[in-house]
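For reference, the structure discussed in these notes is given below.
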Amino acid sequence: MQHSGPARVAYAEEMRELEHDLLDMGTRAEQMVLLAVDSLARSDGELAMEVLRRDDDIDQRDLQIEARCLRLLALQQPMARDLRTIGTAMKMITDIERIGDLAVDVAKIGLKIEKEFGNSTVVDVPRMANVAREMLREALQAYITRDLAMVRKVVALEDDVDAMYRELRTQLFDDMRKDSRNVVADGWLLLAIHHVERIADHSLNIAERVYFMETGELYNFAAHRASLGSQNSHEQQV
């Protein structure tokens, strides 16, 4: 549908508001991740409860942005690039909402570890979470600026998160072997780092949708990297 005059101005403003709302939702989810991991590292129950309180806000923003997207689709009947932009936004809010849920899960683990009097500093979860948060920020900025270089940066950072996950998992297994009294707390920490890895995965999903928005090509970067890894492993064996 072609827009002209005041209709085009109003439509452009709607799209700017959509971008603003999406960036705001993503920023709030990233802040939840920061607080959740901080609460875990410091065994701060009040901080963990703050993360839980913020979850409803993320859920509400998810519904509001979806409603805006549906209104744009119904009333403006966008074509081609604009259609991909709106469709990407609808996909992104699903990933952002899930990131918020994972932050809540991490905060709940912090509460459990605090109750068990376990040591949550045996592995450096904040270091891994910082990279996952950077992935989310870069993916969101890629959407706003239409920058595929940022998309590629997110893809590269995913490798760092995966490496950290394997490193921390090994450290936790070693800690369990050294002292069986650590098994419960370390088991919860294993789940926490898995949640952080999933946050990185959702950030990568957002980057993949931005790539589609700009190129019109659906490309699964994660699957491509996995196939390359399998190929390299096979070549090493041969």
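The values are calculated or read from the model by the stated rules, or taken from the named source; none is laboratory data. As the structure is a computational prediction, the values presented were derived from the model and not from experiment. Cβ sites come from the backbone with ideal geometry, for glycine too, and all protein chains shown count toward neighbours.
Can Arg68 be described as touching a helix residue (DSSP H, G or I) at 6+ places or on another chain (Cβ under 8 Å) and either basic (Lys, Arg) or in a helix (DSSP H, G or I) (or both)?
It is true that Arg68 is touching a helix residue (DSSP H, G or I) at 6+ places or on another chain (Cβ under 8 Å) and either basic (Lys, Arg) or in a helix (DSSP H, G or I) (or both).
Kindly provide the set of residues from the range 151-170 that are farther than 17 Å from Asn130 by Cβ and either of a type in the set (S, T, N, Q) or touching a residue at least 12 places away in the same chain (Cβ under 8 Å) (or both), ordered by number.
Val151, Val155, Arg169, Thr170
For Leu35, state whether it is of a type in the set (A, V, I, L, M, F, W, C), surrounded by 14 or more Cβ atoms within 10 Å (Cβ to Cβ), under 15 Å from the mean Cα position of the chain (by Cα) and modelled with pLDDT of 95 or more.
Values: of a type in the set (A, V, I, L, M, F, W, C): yes; surrounded by 14 or more Cβ atoms within 10 Å (Cβ to Cβ): yes; under 15 Å from the mean Cα position of the chain (by Cα): yes; modelled with pLDDT of 95 or more: yes.
So Leu35 passes the test.
Kindly provide the set of residues from the range 202-218 that are within 18 Å of the chain's Cα centre (by Cα) and not aliphatic (A, V, I, L, M), ordered by number.
Listed by number, the residues that qualify are His202, Ser203, Asn205, Glu208, Arg209, Tyr211, Phe212.
Whether any residue in the range 90-102 is over 22 Å from Glu197 (Cα atoms) and of a type in the set (A, V, I, L, M, F, W, C) is what I want to check.
There is at least one residue in the range 90-102 that is over 22 Å from Glu197 (Cα atoms) and of a type in the set (A, V, I, L, M, F, W, C).
Can you run down the residue pairs with Cβ atoms below 6 Å, 6 or more apart or on separate chains, where the first is in the range 24-37 and of a type in the set (D, E, K, R) and the partner is part of a helix (DSSP H, G or I)?
Glu30/Arg133; Glu30/Leu136
May I ask you to list the residues in the range 112-150 that are without any contact (Cβ under 8 Å) to a residue 12 or more places away in the chain and charged (D, E, K, R)?
Passing the criteria: Lys115, Asp147.
Can you tell me which of Ala139, Ala89, Ala107 is within 30 Å of Asp179 (Cα to Cα), buried (at least 22 other Cβ atoms within 10 Å of the Cβ), among the small types (Gly, Ala, Ser) and out of contact with any Lys or Arg (no Cβ under 7 Å at 6 or more places or on another chain)?
The unique qualifying residue is Ala107.
Among the residues of the range 191-210, are any aliphatic (A, V, I, L, M) and surrounded by fewer than 18 Cβ atoms within 10 Å (Cβ to Cβ)?
Checked against the condition, which is being aliphatic (A, V, I, L, M) and surrounded by fewer than 18 Cβ atoms within 10 Å (Cβ to Cβ), the range 191-210 yields at least one hit.
Quick one: count up the residues across the range 24-43 that are out of contact with any helix residue (DSSP H, G or I) (no Cβ under 7 Å at 6 or more places or on another chain) and over 19 Å from Glu197 (Cα atoms). Even if it seems obvious, please write down each step before you answer.
At the first step, the residues of the range 24-43 found to be out of contact with any helix residue (DSSP H, G or I) (no Cβ under 7 Å at 6 or more places or on another chain) are 24, 27, 31, 42.
Checking which are over 19 Å from Glu197 (Cα atoms) leaves us with 24, 42.
Residues in the range 24-43 being out of contact with any helix residue (DSSP H, G or I) (no Cβ under 7 Å at 6 or more places or on another chain) and over 19 Å from Glu197 (Cα atoms): 2 in total.
Being closer than 11 Å to Ala41 by Cα and at pLDDT 95 or above is the requirement here; does Val131 meet it?
No, not satisfied.
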